[in-house]
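Working notes for the structure below.
Bear in mind these aren't lab numbers, they're just calculated from the coordinates by the rules spelled out. Keep in mind the model is a prediction, meaning the values are calculated, not measured. Counting neighbours? That spans all protein chains shown, and the Cβs are built from the backbone with ideal geometry, glycine included.
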Amino acid sequence: MKIRIKLLAHYQQYLPPGCTSSYEAEVPQDARVEDVLAQLPVPPEESVVLVNGRTPPPGQVLQEGDVLCLFPAIGGG
């Protein structure tokens, strides 16, 4: 099935050549968010992860057409 992966801020350096902020990816039918994150070259422990604009619960299975968005968490104080 196909999902869209969107990388923001300095994560855009990990996009495939020719992509500006997102790309379509083929993933297995039962792919979980964690499965896809493990295949990406971004540090998931330092990332904010959203699926269709919402924080996914642990173990969420992706659906056809979902948008998986990642951007770096920014510390402040």
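Dipole check for the chain: with +1 at the C-beta of Lys and Arg, -1 at the C-beta of Asp and Glu, and the Cα centre as origin, the magnitude is about 240 Debye.
With a cut-off of 12 Å between beta carbons, the residues surrounding LYS2 carry a summed charge of -3, where Lys and Arg count +1 and Asp and Glu -1. Here each label is just a point 7 Å from Cα along the line to Cβ, and for GLN13 and ALA73 those points are 2.0 nm apart. Annotation: the residues SER21, SER47, sorted from fewest to most other C-beta atoms within 10 Å of their own C-beta, follow the order SER21, SER47. Once you list every other residue whose beta carbon is under 12 Å from the beta carbon of GLN60, what net charge do they have if Lys and Arg are +1 and Asp and Glu are -1? Value of the local net charge: -2. Among 32-38, 14-20, sorting by the average number of other beta carbon atoms lying within 10 angstrom of each residue, highest first, gives 32-38, 14-20. Shape index of the chain: Rg/Rh, with Rg the Cα radius of gyration and Rh the Kirkwood radius from the inverse mean 1/r over Cα pairs, equals 0.95. Beta bridges per DSSP, both residues in segment 2-72: antiparallel share near 75 percent.
Counting only DSSP H runs of at least 4 residues, each contributing -39500 (n - 2.57), and dividing by the residue count of the chain, the helix-based mean residue ellipticity at 222 nm comes to -2500 deg cm²/dmol.
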